[in-house]
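What follows is a short report on a single structure.
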Amino acid sequence: MPAKKKPAASPKRRVANSKAKKETAQAISQLRCIIDPHTNISVYDMGLISELMVGMGFVSLTFRPTSPFCPLAMQLAMNIKRSMHDLDGVKKVRVTVVGHYQEDNINQALQRN
């Protein structure tokens, strides 16, 4: 039995997908500017960013520091949040830190700022 063809995306959906891809690419570009000073590699390229969602003036992501005791976790998380706010059209940013012994305190500070 021949496989069913997937219907072509409507022009409106293609524009929305194109815009989402562009916004995600811009977010990734910003994340590549946040450098872990111990490794001199970006937090994105180190694989420390997951669950990145971008769209409609909102950015949400999860940041996992390189170590549960990383002394720069708060600073890096704040830098990540600031860099996402710098994106055109972004009004709200949610950065969630996981895998750090101070994640609750860091996440509370991120919500306040």
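A few notes on this one:
- Residue identified as modelled with pLDDT of 80 or more and of a type in the set (A, V, I, L, M, F, W, C) among ALA9, ALA25, ALA16: ALA25
- Residues of the range 73-88 that turn out to be touching a helix residue (DSSP H, G or I) at 6+ places or on another chain (Cβ under 9 Å), over 14 Å from SER50 (Cβ atoms), without any contact (Cβ under 8 Å) to a residue 40 or more places away in the chain and not basic (Lys, Arg), as a count: 3
- A single member of VAL54, VAL59, VAL90, VAL43 is surrounded by 16 or more Cβ atoms within 10 Å (Cβ to Cβ) and touching a Gly at 6+ places or on another chain (Cβ under 8 Å), and it is VAL90.
- Taking the range 50-79 as the range and being outside any loop (DSSP other than H, G, I, E, B) and of a type in the set (A, V, I, L, M) as the test, the residues that pass are LEU52, MET53, VAL54, VAL59, LEU61, ALA73, MET74, LEU76, ALA77, MET78.
- Where a residue in the range 91-109 is touching a residue at least 12 places away in the same chain (Cβ under 8 Å) and closer than 15 Å to VAL43 by Cα and its partner, wherever it lies, is part of a loop (DSSP other than H, G, I, E, B) and among the basic types (Lys, Arg), with Cβ under 7 Å and at least six apart: VAL98/ARG64; GLY99/ARG64
- Pairing each residue of the range 33-56 that is without any contact (Cβ under 8 Å) to a residue 24 or more places away in the chain and farther than 16 Å from VAL95 by Cβ with any residue that is among the basic types (Lys, Arg) and assigned to a loop (DSSP other than H, G, I, E, B), provided the two are 6+ apart or on different chains, yields C-beta distances under 8 Å for ASP45/ARG32.
The values are calculated or read from the model by the stated rules, or taken from the named source; none is laboratory data. Computed from a prediction, not measured in an experiment: that's the story for all the values here. As a convention, Cβ positions derive from the backbone with ideal geometry for all residues, glycine included, and neighbour counts pool all protein chains shown.
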